[in-house]
Amino acid sequence: MSLRPETLEKYVKQARLILGDAAKNGKTITYGELMKKMGGPGRGYIGEVLGEICTMERENGRPRLSALVVCRRNGLPGETFWKSGILPPSIKNVSMAEKIGYWEEECSRVWKFWGREYAKIKDD
């Protein structure tokens, strides 16, 4: 089951603002913290929201903002991040250590980009 288009749009806007704020401050955020700040959408739907954000960011040539969302228990992105269709093919079949290195680089790109551009694009 998927979110209704208008509900998805609402959550995407909220999540982008929250994630943009975390990015400009050089931070990550847990899935739980993000959902709490958004007032939803719930565990079954957060991946849909983050997937939509990934698509938007990629289409606009920006680093993957959703890389900042991590699991509370280990501080790393969840399984859907690693299995997403937007990861470069070169990262799909490498060791977890190499994947973590890629993710750390992506977080650095996100922090750098959003630290500089947040005020300009937060209302996209």
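The values are calculated or read from the model by the stated rules, or taken from the named source; none is laboratory data. Since the structure is predicted, the reported quantities are computational estimates derived from the model, not experimental observations. Backbone-built Cβ (ideal geometry, glycine too); neighbour counts: all protein chains shown.
Remark: Gly101 matches the filter, which requires a residue to be surrounded by 12 or more Cβ atoms within 10 Å (Cβ to Cβ) and small (Gly, Ala, Ser).
Of the listed requirements (1) exposed (fewer than 15 other Cβ atoms within 10 Å of the Cβ); (2) at pLDDT below 90, Ser84 misses just one: (1).
Conditions tested, residue by residue: (1) surrounded by 19 or more Cβ atoms within 10 Å (Cβ to Cβ); (2) in a loop (DSSP other than H, G, I, E, B).
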| position | (1), (2) |
| --- | --- |
| Leu17 | no, no |
| Ala22 | yes, no |
| Lys27 | no, yes |
| Glu33 | no, no |
| Glu48 | no, no |
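Filtering the stretch 50-61 to residues that are surrounded by fewer than 17 Cβ atoms within 10 Å (Cβ to Cβ) and in contact with a helix residue (DSSP H, G or I) (Cβ under 9 Å, 6 or more places away or on another chain) leaves Met56, Asn60. Exactly one residue out of Gly42, Gly75 is surrounded by fewer than 19 Cβ atoms within 10 Å (Cβ to Cβ) and more than 21 Å from Leu3 (Cβ to Cβ): that is Gly75.
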